[in-house]
1. Checking the a/c ratio against 1.5 first, then a/b against b/c, what shape does the Cα gyration tensor give for the range 123-271?
2. Work out from phi, with θ = phi - 60° and the Karplus expression 6.51 cos²θ - 1.76 cosθ + 1.60, the ³J(HN,Hα) of each residue of the range 199-214, listed in order in whole Hz, and give x for Gly and Pro.
3. What is the calculated FRET efficiency for Lys273 to Leu237, with r their C-beta to C-beta distance and R₀ = 51 Å, to the nearest 0.05?
4. Can you compute the charge dipole magnitude of the range 5-75 about its Cα centre, using +1 on each Lys and Arg Cβ and -1 on each Asp and Glu Cβ, nothing else charged? Give it in debye, rounded to the nearest 20.
5. Put a dot 7 Å past each Cα toward the Cβ at Arg106 and Gln385; how far apart are the dots in nm?
6. Return the percentage of antiparallel bridges among DSSP beta bridges fully within the chain, rounded to the nearest 5 %.
7. Please say if the range 11-262 is rounded, prolate or oblate, where rounded means a/c under 1.5 for a ≥ b ≥ c the square roots of the C-alpha gyration tensor eigenvalues, and otherwise the choice is prolate for a/b larger than b/c and oblate otherwise?
8. Of the listed pairs Lys314/Lys380; Lys165/Lys226; Lys47/Lys226; Lys69/Lys159, which have alpha-carbon separations greater than 20 Å here?
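Nothing in this text is a laboratory measurement; each read-out follows from the coordinates by a stated rule. Owing to the predicted nature of the structure, the values given are computational and were not obtained by experimental measurement. With ideal geometry, Cβ positions are generated from the backbone for all residues, glycine too; neighbour counts draw on all protein chains shown.
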Amino acid sequence: MIPLHEPRFDETDEKYVLEALRTSWVSTGGPFIDEFEQKIAEYVGTKHAVSVSNGTVGLQLCLEVLKRKLEITNTFDVIVPNLSFIASANAIIHAGGVPVLIDTERNSLNIDVNLVSEAIEKEYRRSDIDGFYRSKATERVLLAICPVHLMGWTCDMAKLKKLSKNTGIPIIEDSAESLGAFYHNGAHVGQTGLASVFSFNGNKILSTGGGGMVVTNDDYFAKKLKHISTTAKSDNLRFEHDEIGYNFRMVNILAGIGLSQLDKMPSRLERKKEIFELYKGEVSKFSCGKIHQEEHNCSNHWLINIIFQNNNEKERVLKALLMGGIGARPLWTPFHKQPALQDKSFLWSTYDQSEAMWERTLSLPSSPHLTNEQIMNIVKIIKEQF
Ligand SMILES: Cc1ncc(COP(=O)(O)O)c(C=O)c1O
């Protein structure tokens, strides 16, 4: 079986793990954590990086920090794309909010920023008293916009940033899949929003098994996030806690793996680009689907996707690939169709574009260590279905 996306570890990763074990720094404190945070902040180009136990809780914590800062005690709304892995919506619900689902742009995997503007204009009213945008229907505060850079392709952050500046609504970027990707303006993902969250899950480009990182340029945000992610302890000796916190920090063993994996990012990104170009070139030789590419964008090519004319073609190819031992995967079911989100999210407008992408798209194996021969075999199986 060729998996969709597989992590790979070597002796360097093992050395870090051994050192953590031998020095007994195994838990949520230790030198590797501090160093990994510092190195990720340098890599992304932000002032701060705070490690967390996974991307989902990283997103949840960001919303918690915002809630506490703005003294929001009731439930609230958060704008999120309709097409993403369910963690993007779960984190909002875990933090006590309601995901407001926005369709994707036409032929894109990412949120339609024009629709975000439209939703704010039609559904919310700015309060003259506190400046919050409140829902005309429910009075809920619109706490944040959480765009997702899906599959490593970045959203139109220039447009979103302008919207955020005009409205004062903060952006929390779900960059879980996008370490090593760049915005249209050439800056590394994670520099635009108030905060941005990466995941180091087993299937990501940099994997620590499980883990995540929140990056930000905001001093208050970083300090508060670190505080509430480590039980909000205000007196280390007497274990006094000044607010309700969480145990959401990364552990030192995993941060060690992160350090070792970070060194491999340049070669991984290079190979991923080669794989993307090979798929693209080979698929373009016959008329059955197209390798997905977003405009003006520098993706990390986390997962490489092929778009077919319709659902039937996609399903036919998926079946053939699975029978051939190829771990291709259809896109996640969009949020407006997710049973778990039915009474927990706010459906706004229609979802024609995300539904069309969902019906036509397959993610192809994209591990950086795939061989050209394996890729040619995958393409051959696709080709045989037409
Ligand atoms: C878009 C997106 N958001 C959030 C997450 C959550 O990250 P984690 O698995 O580290 O909790 C993931 C994936 O894992 C993801 O793909």
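1. Working: a/c = 2.52, a/b = 1.17, b/c = 2.16.
Oblate, since a/c reaches 1.5 and b/c is not below a/b.
2. Rounded to whole hertz, the list is 10, 10, 4, x, 9, 8, 5, 10, 10, 10, x, x, x, x, 8, 9.
3. Values: r = 51 Å, r/R0 = 1.01.
Computed FRET efficiency for Lys273 and Leu237 comes out at 0.50.
4. Values: 8 positive and 12 negative charges, 89 e Å.
With Lys and Arg at +1 and Asp and Glu at -1, about 420 debye.
5. 2.6 nm
6. Working: 27 of 45 bridges.
Antiparallel bridges make up about 60 percent of those DSSP assigns within the chain.
7. Numbers: a/c = 2.28, a/b = 1.44, b/c = 1.58.
In terms of gyration-tensor shape, oblate.
8. Working: Lys314/Lys380 15 Å; Lys165/Lys226 26 Å; Lys47/Lys226 14 Å; Lys69/Lys159 25 Å.
Beyond 20 Å: Lys165/Lys226; Lys69/Lys159.
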